[in-house]
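A.B. asks: If you scroll down you'll find the structure; I have some questions about it.
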Amino acid sequence: MYRLAMHPLPDSLGTMQRVLILNGPNLNLLGRREPEVYGSMTLAELEASCARWGGELGIEVSTFQSNHEGALIDTLHSSEVDGIVFNPGAFTHYSYALHDAIAAISPPTVEVHLSNVKQREAWRRTSVVSDACVYSIYGRGAEGYRAALRHLHHRSESPPTTIAYGTDPDHVGDLRIPQGAGPHRVAVLIHGGFWRDHWTRDLMDGAAADLVSHGFATWNIEYRRVGNGGGWPATLEDVGHAIDHLSEIAPQHDLDLDDVTVIGHSAGGHLAHWAAGRQSLPEGAPGSSPRVVSSRTIGLAPVFDLAAAHERNLGDGAVESFLRRGPGDQRYSLASPHHLQPLAGEQHIVHGSGDEAVPIELSLDSGIPVVVLEGVDHFALIDPSHQAWAAVVDLLD
Ligand code: DQA
């Protein structure tokens, strides 16, 4: 089945004005096809949602679905768009022809999968198209398409340079440099998602792009997560290495390492405050002996106390999956900022009283000054279009 539909908008903003939503084989059956894996939304509903989400970003969305590899290749070749969101279905796992088609064209392409392909059959864990794509999102259902549109939008608004700080595909960070002469103040961004693999650094794209406009160089880091080789100790080691890598790239990019703010959201807030306690860790503990020490830490709805978070079963057992140990184990004291004293530099927390993912009590019990935002929810804190974000920027000025 070939379908091509346009959803025009009156006026588009920014340089990411037209995006093609491209879906591959069997996705025409969405809604009826294994709904326990792919959800109950039909393709038509998904495409209508994408048109709406695009509209919110000033993006005009066009859509195409085919079960035929050649038709997908022809569409990639002839697409006159600024970006592409592509779910290649099962072709993902073996179509070098699609890889080459994506590599051959200029619009940036984001790979999207509804299901968590990394947690299913072994053959689904391989993607032969990822290399040709600027970013990959999986396991977030239809919301993954929305995240892909946002990623394309922020990428065009403020283009990042992705830099490797290690050998794993997740050992990367996105560096953005503000206009004007250095040395530049630095903001390290650490995304959340209960340390689980399907949540990645695009969560912090909007915050990063906004901070660049406020004159910060931003370093939006990725790290291995539970489900892709992370958890104790790899997640902690990666975050330490990613922050320390600033000392390698500082000279080239004129970064001021005496003015480094680490901003983490949710589980990333845990990692941000933990990073401020790295110099208090015993030698040999994951993340010990830091080379870059931050001057300021801002936790946005952080999971500050891992034992308390475990007790409240936050993220449905997320702490135990992360540490692979029950409470009382030494890992809690080495990984929880609650136990690490002193924490280096200024510590701040911003938390909304309407947060249902990480209750504000965790922050109120932290001993750190908390900016309480009445009625604000979990994700508003990293949304630059929400007034809650202004409270975060205030702390930086
Ligand atoms: C999929 C995952 C693929 O492995 C599968 O073949 C699909 C859909 C997803 O969206 O989760 O058809 O791309």
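A.B. asks: What do you get for the angle between helix 69-78 and the principal long axis of the chain? Use alpha-carbon atoms, 0 to 90 degrees, nearest ten.
C.D. replies: 80 degrees
A.B. asks: Once Lys and Arg get +1 and Asp and Glu get -1 on their Cβ, which of Val372, His151, Gly89 lies farthest toward the positive end of the dipole of the chain?
C.D. replies: Result: Gly89, furthest along the dipole toward the positive end.
A.B. asks: Once you wrap a convex hull around the alpha carbon atoms of the chain, what is its projected area averaged over all directions, in nm²?
C.D. replies: On the way: hull surface 76.2 nm².
Quarter of the Cα hull surface area: 19.0 nm².
A.B. asks: Could you work out Rg/(2.2 N^0.38 Å) for region 94-203, with Rg from alpha carbons only?
C.D. replies: 1.17
A.B. asks: Please list the three semi-axes, largest first and in whole Å, of the ellipsoid equivalent to region 18-152, using sqrt of 5 times the eigenvalues of its alpha carbon gyration tensor.
C.D. replies: Whole-Å semi-axes of the equivalent ellipsoid: 19, 19, 13.
A.B. asks: Contact order normalised by length for the chain, with contacts defined as Cα pairs under 8 Å and 6 or more residues apart; what percent is it? Spell out each step's value before the answer.
C.D. replies: Values: 868 pairs, mean separation 42.8, N = 397.
Worked out over the chain, it gives 11 percent.
A.B. asks: Right, another one. For region 196-234, which chymotrypsin sites (Phe, Trp or Tyr not before Pro) are in a loop by DSSP, counting at most 10 other Cβ atoms within 10 Å?
C.D. replies: Hits after loop and neighbour filter: nothing returned.
A.B. asks: What ³J(HN,Hα) values, in whole Hz, does the Karplus curve 6.51 cos²θ - 1.76 cosθ + 1.60 give for region 383-394 when θ = phi - 60°, with x put for Gly and Pro?
C.D. replies: Ordered by residue, 3J(HN,Hα) equals 10, x, 7, 9, 5, 4, 4, 4, 5, 6, 5, 4 Hz.
A.B. asks: Quick one: dipole size for region 159-396, taken about the Cα centre, charges +1 on Lys/Arg Cβ and -1 on Asp/Glu Cβ, in debye to the nearest 20. Present the calculation step by step, with values, prior to reporting the outcome.
C.D. replies: Details: 13 positive and 31 negative charges, 82 e Å.
So the dipole magnitude of region 159-396 works out to roughly 400 debye.
A.B. asks: Estimate the FRET efficiency between Glu121 and Glu56 by the formula 1/(1 + (r/R0)^6), using the beta-carbon distance for r and 45 Å for R0, to the nearest 0.05.
C.D. replies: FRET efficiency, Glu121 to Glu56: 0.80.
A.B. asks: Here is a follow-up. Might you report the magnitude of the Cβ-based charge dipole of the chain about its Cα centre, with Lys and Arg at +1 and Asp and Glu at -1, to the nearest 20 debye?
C.D. replies: That gives a dipole near 800 debye.
A.B. asks: Under the definition of Cα pairs under 8 Å and six or more residues apart, what whole-number percent is the relative contact order of region 346-397?
C.D. replies: Working: 71 pairs, mean separation 19.1, N = 52.
The normalised contact order for region 346-397 reaches 37 percent.
A.B. asks: Label-point separation (nm) for Ala71 and Arg324, each offset 7 Å from Cα along Cα-to-Cβ?
C.D. replies: 4.6 nm
A.B. asks: Turning to a different aspect of this structure: Answer with one residue from Asn23, Asn116, Ala104: the one whose Cα lies farthest towards the positive end of the charge dipole of region 18-152, charges on Cβ with Lys, Arg +1 and Asp, Glu -1.
C.D. replies: With unit charges placed on the Cβ atoms, the residue in question is Asn116.
A.B. asks: Among the trypsin sites (Lys or Arg not before Pro) within region 306-374, which fall in a DSSP loop and have no more than 15 other Cβ atoms within 10 Å of their own Cβ?
C.D. replies: Counting only loop positions with at most 15 other Cβ atoms within 10 Å, the trypsin sites (Lys or Arg not before Pro) in region 306-374 are Arg312, Arg324, Arg325.
A.B. asks: Name the longest site-free stretch of the chain, where the excluded sites are GluC sites (Glu not before Pro) in a DSSP loop with no more than 15 other beta-carbon atoms within 10 Å.
C.D. replies: Counting at most 15 other Cβ atoms within 10 Å as exposed, the longest clean stretch of the chain is 122-282.
A.B. asks: How many angstrom lie between the Cα centre of region 19-36 and the Cα centre of region 41-107?
C.D. replies: Going from one Cα centre to the other spans 12 Å.
A.B. asks: So between Ala44 and Leu29, what do we pick up on full extension, going 0.36 nm a residue minus the alpha carbon distance?
C.D. replies: Length gained between Ala44 and Leu29: 4.4 nm.
A.B. asks: Still on this model: Take the Cα of Gln279, step 7 Å along the line toward its Cβ, and report every residue of region 315-340 whose backbone nitrogen sits under 16 Å from that point.
C.D. replies: 340
A.B. asks: On a 0 to 90° scale, report how tilted helix 43-56 is relative to the longest principal axis of the chain, with both axes built from alpha carbons and the result rounded to the nearest 10.
C.D. replies: Long axis of 43-56 versus the principal axis of the chain: about 60 degrees.
A.B. asks: Further question on the same structure: If R₀ is 30 angstrom, what is the calculated FRET efficiency for the pair Val37 and Val372, using the beta carbon separation as r and rounding to 0.05?
C.D. replies: 0.15
A.B. asks: What is the spin-label model distance, in nm, from Ala164 to Ala390 if the labels are put 7 Å beyond Cα along the C-beta direction?
C.D. replies: 4.4 nm
A.B. asks: Can you order the peptides 102-110, 238-246 by their average number of other Cβ atoms within 10 Å per residue, highest first?
C.D. replies: 238-246, 102-110
A.B. asks: Let me ask something else about it. Once the convex hull of the alpha carbons of region 159-396 is built, what does its volume come to per residue, in cubic angstrom?
C.D. replies: 109 Å³
A.B. asks: Where does helix 267-276 land angle-wise versus the long Cα axis of the chain, in degrees 0 to 90, nearest 10?
C.D. replies: The two axes meet at around 40 degrees.
A.B. asks: Using a basic spin-label model with each label point 7 Å from the Cα along Cα→Cβ, how many nm lie between Tyr94 and Ser353?
C.D. replies: 5.8 nm
A.B. asks: Starting from 0.36 nm per residue, how many nanometres of slack lie between Gln252 and Ser288 once their C-alpha separation is accounted for?
C.D. replies: 10.4 nm
A.B. asks: Stokes-Einstein D for region 240-318 at 25 °C, 0.890 mPa s, Kirkwood Rh over Cα pairs, in µm²/s?
C.D. replies: 180 µm²/s
A.B. asks: When the dipole is taken about the Cα centre of region 18-152, and only Lys, Arg (+1) and Asp, Glu (-1) are charged at their Cβ, what size is it in debye, to the nearest 20?
C.D. replies: Value, rounded to 20: 420 debye.
A short reminder: the numbers here are calculations on the coordinates, not readings from a lab. Quantities reported herein were computed from a predicted structural model and do not represent experimental measurements. All Cβ positions, glycine included, derive from the backbone under ideal geometry; neighbour counts span all protein chains shown.
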